[in-house]
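First comes the structure, then the notes that go with it.
The values are calculated or read from the model by the stated rules, or taken from the named source; none is laboratory data. Just so we're clear, the structure is a prediction, and the values are computed from it rather than from any experiment. Cβ sites come from the backbone with ideal geometry, for glycine too, and all protein chains shown count toward neighbours.
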Amino acid sequence: MKSAYLYVRVSTDEQKRKGYSLPEQEDRLLKYCKYNDIEVKGIYREDYSAKNFNRPEWKELFSEVKKKSAGEDKNILFIKWDRFSRNVEYAYEMIGKLRKYKTTAMTIDQPIDFSVPESTVMLAVYLAVPEAENTRRAQNTSNGIRRAKLMGRYPNKAPLGYINVTLMDGKKAIVPKEPEAEIIKWVFNQIVKSDQKISEIRKIANDKGLICSRSHFFRVIRNPIYCGHISIKLNSNEEQIIKGLHEPLISESLFYQVQSLVSTNIKTTSRKEDLRGVFFLRGFLICPICNQKLTGCFVQGRSKQYPYYFCHHGCGIRINAIFLNDCYQNRLQELVLSNSSIELFKNVLEDQNIKTQKAGYLYSQKLIERKIKEEWLTLSRGRKLFIAGVLKIDDYNELKKENQVNIKNLKKEARDTVLKLSAIDRKNKIEDKALVEVFQKFSKFDTQDKKYLVNLIPPIDIDYKTGDLSLDLNPAFSKILSAKTHRKNNKKNEFH
């Protein structure tokens, strides 16, 4: 070897554990080159992990090697093979690339004579040991984190709204961090109490000081850490929920109420859904000139965009979407249930025997709570027997696993019961006016519900200039719906 490029690498954790340093490696390599009369063509210093070759200095070194002609003496020298790579697969791939450019990689502490076939065995050992070391260290770290979580501690980086602290006994913990913690409390309560979309709530929370992306925000509202629980992944399909030692920001019942709303997509939205919401009459409007269906889009004005229904066949028809939507909504809200239908609906609600149902659900709720307490008591007794040496470790683990599954199922039953009780309470709060004027909250309907309703009661005889229109009621709707009583009788005819 007449000349060589020197490559020294270290990662932050290695400096702490093994005392490696870039100057020490560099000094040893330079002394080696001086003793063996090797010319140093360049020194590349890396502070990066060796899990792959996506390293800035290595990329620069590899580019330099590729530039040199095939006839030049090209060698790369480093201390040990773990400075080169800690992944066998990537290491062999890179060695192959270097050979393509007539370049040899070599160490001074673990030299390999590539001219001897048996030396490839030693190379495999030298490359495999660092990878095994990395894998073992990662596994130990993962097991340590898992043990800490099973004990109710949260050893990872604190989630939004919390901060990592070290307690008096030296153990790590998380505690609420203001103002983020208070804003997160507000977010959970707002999702349940408000009619706002989650996207709107996120924007307000951002303005209040909760700085996070849209995807991060949705991870926050789905994270059980905020109700005092810690999620532990057992495998790719199963996870375990442990009660944490940290202070919860919200109650467990509030958290699962939010999960129910988010899971059923009641308040989630996207820009595409917003666009559909603006043009909910699209597909039901006909061009008066070419008899083709009108479409909808936004037109850019001076300061903002304006929504319009228009004909894309060049007929020149263009109608303000907000104006026409309001005309349809106003006409729809003039429809009420007929007197006979009102009595029928009230009888249906009474036939459901709401009070008896509620009493049954309340009894089930207390029964579930008692069963959960019994499961916790069983686990506590098993723990005491295990500590006393009466119960073997395998039996205790089996008991614990079965106990956790039972508690998880019982908690799901409890959440379902809470939702059923909430539904009964909503039925009890139905007022006569809300029952009669069934379309008064049309503007708050989901886009899918609006489209479905427009399909059932489409607009007809539309005057695009004035916005006057009629509603096409089928015979079934005509029997249960009528115009408000204060309208003149001759006006009723236009709904047919």
Within the range 308-328, how many residues are surrounded by fewer than 18 Cβ atoms within 10 Å (Cβ to Cβ) and within 41 Å of the chain's Cα centre (by Cα)? 6
Which count do you get for residues in the range 144-187 that are hydroxyl-bearing (Ser, Thr, Tyr), over 16 Å from ARG222 (Cα atoms) and surrounded by 13 or more Cβ atoms within 10 Å (Cβ to Cβ)? 1
Does PHE84 count as closer than 17 Å to LEU123 by Cα, modelled with pLDDT under 90 and in contact with a helix residue (DSSP H, G or I) (Cβ under 7 Å, 6 or more places away or on another chain)? yes
From the residues in the range 471-490 that are outside any loop (DSSP other than H, G, I, E, B) and within 12 Å of LEU335 (Cβ to Cβ), which one is modelled with the highest pLDDT? LEU471
Take the residues in the range 429-453 that are hydrophobic (A, V, I, L, M, F, W, C) and part of a helix (DSSP H, G or I), then tell me which one is modelled with the lowest pLDDT. ALA434
Restrict the check to the range 352-360 and report whether at least one residue is modelled with pLDDT of 85 or more and either surrounded by 15 or more Cβ atoms within 10 Å (Cβ to Cβ) or not β-branched (Val, Ile, Thr) (or both). no
Looking at the range 1-107, what strands (runs of 3 or more DSSP E) fall wholly within it and have at least 2 residues that are under 22 Å from ARG137 (Cβ atoms)? 3-9
Could you check the range 177-253 for helices (runs of 4 or more DSSP H) lying wholly inside it with 2 or more residues that are touching a residue at least 60 places away in the same chain (Cβ under 8 Å)? 180-193, 198-208
Answer yes if at least one residue in the range 19-39 is in contact with a strand residue (DSSP E or B) (Cβ under 6 Å, 6 or more places away or on another chain) and exposed (fewer than 15 other Cβ atoms within 10 Å of the Cβ), and no otherwise. yes
Residue among GLU374, GLU398, GLU369 that alone is among the charged types (D, E, K, R) and closer than 22 Å to TYR256 by Cα: GLU369
In the range 453-462, the residues that are out of contact with any Phe, Trp or Tyr (no Cβ under 8 Å at 6 or more places or on another chain) and exposed (fewer than 12 other Cβ atoms within 10 Å of the Cβ): ASP461
